[in-house]
Amino acid sequence: QEQPVESGGGLVQVGGSLRLSCATSGRAFSAMGHYAVGWFRQAPGKEREFVALVSWSGGTINYADSVKGRFTISRDNAKNTVYLQMNSLKPEDSAVYYCVAMVNWGTSYERDYWGQGTQVTVTS
């Protein structure tokens, strides 16, 4: 099963920054063609929620209202990597962050490939 690999999580103080990475390397992902990549997060006892998304070209970028102005999503297709720069972190940003590669995004043929997640903990 193809799976993106997240990295970059950790422990950070309130107001600090972290950069998460989502790697989609390998023959399987190369064969998928173009795909959007999203970041979601899930805190204990809460449902998984959308954080940010970037299309293959980077021409479409969406953010959850709760992270607008603080988080920046970007991608480097040459490196098969999507980044989530998180600034001005708050305790409520603490969660497991998941990356998802979305092939045929927005169509009835969409297939999603989820990573294992990376923990982000923001301490006060």
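The values are calculated or read from the model by the stated rules, or taken from the named source; none is laboratory data. Remember, it's a predicted structure, so these values are computed and weren't measured experimentally. So basically every Cβ, Gly included, is an ideal-geometry build from the backbone, and we count neighbours across all protein chains shown. Note: accessible area is taken over every heavy atom of the protein model, side chains too, but ligands, DNA and RNA are not part of it. Shrake-Rupley method; radii C 1.70, N 1.55, O 1.52, S 1.80 Å.
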Original post:
What residues of segment 57-89 lie in the reach of a label at Lys46, counting those whose backbone N is under 11 Å from a point 7 Å from the Cα along Cα→Cβ?
Top reply: 66-67
**OP:** Kindly give the semi-axes, whole Å and largest first, of the ellipsoid equivalent to segment 10-76, taking each as the square root of 5 times a Cα gyration tensor eigenvalue.
**Re:** 24, 14, 13
Original post:
What's the Kirkwood radius of the chain in Å, using all Cα pairs?
Top reply: 14.5
Original post:
Taking only DSSP H segments of four or more residues, each worth -39500 (n - 2.57), what value at 222 nm results for the chain once the sum is divided by all its residues, to the nearest 500 deg cm²/dmol?
Top reply: -1000 deg cm²/dmol
Original post:
Accessible area per residue, 1.4 Å probe, Å², for the chain: what's the number?
Top reply: 53
Subject >> the chain, accessible surface, carbon-and-sulfur percent (1.4 angstrom probe) >> reply: 46
**OP:** Pull out the extension gain between Thr123 and Glu110, defined as 0.36 nm times the separation in residues minus the alpha carbon to alpha carbon distance; nm, one decimal.
**Re:** 1.0 nm
**OP:** Just round it to a whole percent: the fraction of Cα-Cα distances in segment 56-118 exceeding 13 Å.
**Re:** 73
